[in-house]
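What follows draws every value from the coordinates through simple rules; no lab data is involved. Given the structure is predicted, the values throughout are model-derived calculations rather than measurements. Note: ideal-geometry Cβ built from the backbone for every residue, glycine included; neighbour counts use all protein chains shown.
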Amino acid sequence: MSAQQLAAYTTSTGEAFQFWVLGTVAVVGALSTVFMRKAVHSALSLAGTMIVLAVFYLANGAYFLGIVQIVVYTGAIMMLFLFVVMLVGVTAADSLKETIKGQRWLALLSGLGFGILLFAGIGNASLKEFDGTGQANANGNVEGLASLIFTKYVFAFEITGALLITAAVGAMVLTHRERTERAKTQRELAEQRVREGRHVPPLPAPGVYARHNAVDIAGLLPDGTPSELTVSKTLRERGQIRDVSTEALNDLRALEQRAEERLERTEIRPATFKRTEEASK
Amino acid sequence: MEKLIALLIAAPLLGAAVLLVGGRRLDRVGHWIGTLLSTASFVIGLVLFAGLLGRNAEHRTLIQHLWTWVPVESFQADVTFRLDQLSMTFVLLITGVGSLIHLYSVGYMAHDERRRRFFGYLNLFLAAMLLLVLADNYLLLYVGWEGVGLASYLLIGFWQHKPSAATAAKKAFLVNRVGDVGLSIAIMLLFTTFGTFAFGPVLDHAGSASEGKLTAIALMLLLAACGKSAQVPLQSWLGDAMEGPTPVSALIHAATMVTAGVYLIVRSAAVFNAAPDAQLVVTVVGAVTLLFGAIVGCAKDDIKKALAGSTMSQIGYMVLAAGLGPVGYVFAIMHLVTHGFFKAGLFLGAGSVMHGMNDEVDMRKYGGLRTYMPVTFVTFGLGYLAIIGFPGLSGFFSKDKIIEAAFAKGGTEGWILGGAALLGAAITAFYMTRVMLMTFFGEERWRSRPTRSPEAPSAEPAAEHQGEHAEPHPHESPKVMTIPMIVLAVGSVFGGAFFSVGDRFLHWLEPVTGHSEGDSPLSAATVTGATMVCLVAGVAIAWAQYGRKPVPAVAPRGSLLTRAARRDLYQDDLNHVVLVRGGEHLTRSLVYVDHTLVDGVVNGTAAGFGGLSGRLRRLQNGFARSYAVSMFGGAALLVAATLLMRAV
Amino acid sequence: MNPVNYLYLAALLFTIGATGVLIRRNAIVVFMCVELMLNACNLAFVVFSRMHGNLDGQIIAFFTMVVAAAEVVVGLAIIVSLFRTRHSASVDDASLMKL
């Protein structure tokens, strides 16, 4: 894109085409960020929107920001989000049912009102003149930004640096848990377990005694009931244990039924059992 | 010679301090210390008196400046004493009669275990009263005035274990406070009017102030005098004050306290002279009180209360005389002095009778005591003759002059005031004769029990232990009590004559109070004659009622007036209805207003805010998203406002 | 096409983000919506930069990104510690002062 084009009041057809196509993608991405039930999906949609925005930055002559948007935002920040999503529980799907009375209506109403107001504001403003960034980017976008940052905005830049350090320290402080006593050694833990008399052997592994061996599926006890001990504590607390004990039996029953249907055997009626029970009485 | 003045006050004050601070160690000698210091004060007074007599009439005013008390810009209060003829008269009366009462109390209070304290209070009383009459400015006078109030409170309520005594002391104190308000307002008015409250400048320039201001000051002074001197409408405390020991009654009635009001009026003569309206009020108060007290005195069966009524009445005479202006000032003071003699004698006599009758005060349970206590009978009888104005005795001279002066007021007022004074003289003769007859004559009503104990004198200690129901054994009081009575009786007999012959008292006091001869519509002889007629009539009626017929031991129901008089002419009921009830209603209405209006507003505001908060609280539901909606809505409104402003 | 359309897009994205913040309960999604709002603002800044022909708008957008990065670090730390104590990432569960 030449400087001439950027300075024009109207964009080139190519840019217009790009705007309408990618703009639609951005809006769809934003909407799915809001309305996807799983946080992972929201994060991915948001990443898509951000990439679209990066393209728009480039289209508007902000080459440095466009790249930074992709590298830092989409690459680093969104990955941080995903990381936390994994930590909190990737499979947990939110219920979209509203619990606060009138919250959704108020939110939509104020959102709509705010949007209309913004649109009205932009429409009212006579934004006909577009100087374009050609002049400013004459010596290169990065050089232009650098000369501004290190001259006019140098104090803001320094303070932002301080802010980043503070944020890093703050994050550490927030997530740090002070250990008030010495961590127990392996030996002490074993002794404690023996003293308490519970689960002296190692905890059973999940799924090993059943058909499944996924970590979120509880192993079955000899009587066929699932044992929560086999699942890791984190999953237990999230309530993400899948119970397959009845599933297996149901599958078995269905299989037997199908086999009997195929063999055209008559069903053993429970009524006969009942009758014999009554007779025995 | 001026330097002795402070010693007058210092002696009894020292006594009070020593006796009250000294503690139990002084129990055995305390009463003699008190009596000694009181007498010392009297001796100093005599020395000063002699000194004054040695001077010309114009130079008989001694000023002793001790120190400046409140030196604040134009507000200068000095501790300065002024001894002139008026003060001198009071000093001699107070210390003289006071010392006799001290002496009497030695005997009267012999069995009281708190006798030392009693003498301390007596000395304090004397010191305060002396300060009152010796002060050279109104502020210092006020100190003495309050000191008298305090001492009277302590002494009236001396037997504080009796609820009636405690109540009486409180009543006296409170009623006196009403008068004190008058005095303090008067002092403030004096200061704003004259810029000072020293006697000299104020009284010299009294005429320069406007009459309205002077009337206001005079009326406030009158209010103060009414409080201290038990004049209508502040008379109610005096009767109840009889709850105190009898020597206290004698002291209050004869030498201190009630005379303070008369002193105040006579001392402020210049102010009153310039305010004729106030003077008229003073005479009216005096006339009303003299009749009021006399009527009350007629109906009381309690010997001390009958005498209290009499005091009120006699002080009424003095106030009446003082209200008459220069015509009456001298006679007011003269009557005050003679009254001091005979009333002290009468009270001490009454105390002596009570002393011999197991502290019985009901005259209906006396009778025929003249043979049992001859000295008391004679001294009391001389006091009686003096007070009714028997010719030749002191009351005759002083009271006669007052009645004469009342007529000399002139016009209708003169006739009314003179008539009231004459009527008062008749009633005085009646009730005093009644007291005399019921106490010393007639049958021995105290022997009401049929079983007479044969051994009269030896059973005395036993009778004391048996309490009130034991039959009394009347006996003469010890010498320490009779001697003061005899001295006072001598004063009652010869005092008036001594003062009046050659107008000694008039010449003595005239330089201070001034004097003018009134032109009476009646000649002196006519007035004296009328007074004699009234006197004889009063005595005759009393004799007809109480001398010829036996006195019933239980009081008959009596006429409407008698019943009213027994209840002090409903003074307490009036106070109760007007002040207590009024106060209660005011309080209740204030409580009602407080509860409904004030509390209503306060509680209503609180409830309003409470209700509002209860509703607003729902907005604070703790959900961050709710808050975010409010924030977002607010932001939207801000954007809208911005756009609107731009559009406008 | 008039470049103003970029601004309309930014406004739209901002509104969607804001509504998302109000509607969603999952703290992480709420946070993402905040990021969306920030990005919408950035787009507006970049377009302003083009409009005025200078780079100041881009500088502001750049600072926004830095601040957003700091904010994400702290915010996610808060979410993690919140999850640790309440075993939930719902913002509604944090409606009481104490557990």
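Assorted remarks:
- Among B:155, B:540, B:633 the positive-end extreme of the charge dipole of chain B (Cβ point charges): B:633
- Label-point gap, in nm, between residue B:162 and residue A:108 - each point 7 angstrom along Cα→Cβ: 9.6 nm
- Translational diffusion of segment C:3-87, estimated by Stokes-Einstein from the Kirkwood radius over alpha carbon pairs at 37 °C in a medium of 0.692 mPa s, is 236 µm² per second.
- Helix-only CD estimate at 222 nm, as mean residue ellipticity for chain B, using -39500 (n - 2.57) per DSSP H run (n ≥ 4): -23000 deg cm²/dmol
- Segment residue A:168-residue A:83, extension gain: residue separation times 0.36 nm, minus the distance between their alpha carbons: 28.9 nm
- Among A:118, A:203, A:249: highest mean-square fluctuation, GNM of chain A, C-alpha pairs under 10 Å: A:118
- With the simple spin-label model, which puts each label point 7 Å out from Cα in the Cβ direction, the residue A:67 to residue A:182 separation comes to 5.4 nm.
- Taking the Kirkwood radius as Rh and the Cα radius of gyration as Rg, segment B:194-306 has a ratio of Rg/Rh equal to 1.06.
- Cut-off 19 Å (backbone N to label point 7 Å along Cα→Cβ of residue B:112), residues of segment B:470-502: B:477-485
- Calculated from the alpha-carbon coordinates, the protein assembly as shown shows an Rg and a Dmax of 56.4, 166 Å respectively.
- About its Cα centre, the dipole of segment C:3-87 is roughly 360 debye, where the only charges are +1 on Lys and Arg Cβ and -1 on Asp and Glu Cβ.
- P(r) weight above 15 Å for segment A:107-177, C-alpha pairs, percent: 76 percent
- Between residue A:32 and residue B:561, the modelled label-to-label distance comes to 12.2 nm, taking each label 7 Å out from Cα in the direction of the beta carbon.
- Fraction of alpha-carbon pairs over 43 Å apart in chain B - percent: 29 percent
- Convex hull volume of the Cα atoms of chain A, normalised per residue: 332 Å³.
- Residue pairs, from the table B:304/B:409; A:184/A:233; B:3/B:479; B:343/B:365; B:304/B:399, whose Cα atoms sit over 28 Å apart: B:304/B:409; B:3/B:479
- Our note on the geometry: Cα centres of segment B:296-327 and segment A:215-249, 114 Å apart.
- Using a Gaussian network model of chain A in which every pair of alpha carbons under 10 angstrom is joined by a spring, one finds that among A:89, A:121, A:48 the greatest mean-square fluctuation is at A:121.
- Efficiency of FRET from Cβ geometry, residue B:413 and residue B:536, R₀ 35 Å, rounded to 0.05: 0.80
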